[in-house]
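See structure below.
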There are 2 protein chains.
Amino acid sequence: MIKARVIVTLKNGVLDPQGKAIEHALGGLGFDGVGQVRQGKVFDVELGHGDKAKAEADLKAMCDKLLANTVIENYAVEIV
Amino acid sequence: MIKARVIVTLKNGVLDPQGKAIEHALGGLGFDGVGQVRQGKVFDVELGHGDKAKAEADLKAMCDKLLANTVIENYAVEIV
């Protein structure tokens, strides 16, 4: 079995109101020097077969088709 | 400036309906052998000061106070 972690983040320049809200909340909690905060998503996926090359190809296809919106998001796939 | 990535994931045993929905959707898209899928959150945080030890302590406090619900979630802090 292969375990993979997919991280989906907003592209630079795409507004992230959720991140901005967290940024302000951290300031309000007294954390000084907090710069930009951006929020993304992480998916931990288990794949039944043991073929690493196929797993990587499958994971990329999953990101393109379902997990990420490639117009505004980047993704990174990591086999763990 | 220090850049950090915080990954917040659900603890084992905590139900993840969003992950389950993704699991089924991937099956429906024709990806075979997809096992468990769990969804989590990622935060990319920029800290203005350059003190790595203070940054790590701050980030842990941020997770405990705001970014993660430690009753049901684990977090991992990584300085990048």
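Read-outs throughout are calculated quantities, based only on the coordinates presented, and are distinct from any laboratory measurement. Quick caveat: nothing in here was measured; it's all calculated off a predicted structure. Counting neighbours? That spans all protein chains shown, and the Cβs are built from the backbone with ideal geometry, glycine included.
One compactness figure for chain B is 1.38, namely its Cα radius of gyration divided by 2.2 N^0.38 Å. Each stretch of four or more DSSP H residues adds -39500 (n - 2.57); spread over every residue of chain A, this sum gives -9000 deg cm²/dmol at 222 nm. Holding the Cα-Cα limit at 25 Å, pick out from A:K52/B:K20; B:K11/B:K52; B:K3/B:K60 the pairs that are longer than that. Checking Cα-Cα distances, B:K11/B:K52 exceed 25 Å.
Projecting 7 Å from Cα along the Cα-to-Cβ direction, the label point of A:E78 sits 0.2 nm from its equivalents in the other copies, listed shortest first. Look at the alpha carbon pairs under 8 Å that are at least 6 residues apart: their mean separation over the length of chain B gives a relative contact order of 52 percent. Residues whose amide H lies under 5 Å from that of A:Q36, counting only those 5 or more places away or on a different chain, are B:E46; hydrogens are built 1.01 Å from N in the peptide plane.
Chain A residue nearest by beta-carbon to the axis mapping A to B, with distance in Å: A:V42, 2. Karplus-derived 3J(HN,Hα) values for the range B:45-61, using 6.51 cos²θ - 1.76 cosθ + 1.60 with θ = phi - 60°, are 10, 9, 10, x, 7, x, 8, 5, 5, 5, 4, 5, 5, 4, 5, 4, 5 Hz; glycine and proline are entered as x.
Considering only A:L47, A:L29, A:L15, the mean-square fluctuation computed in a Gaussian network model of chain A, springs between alpha carbons under 10 angstrom, is largest for A:L29.
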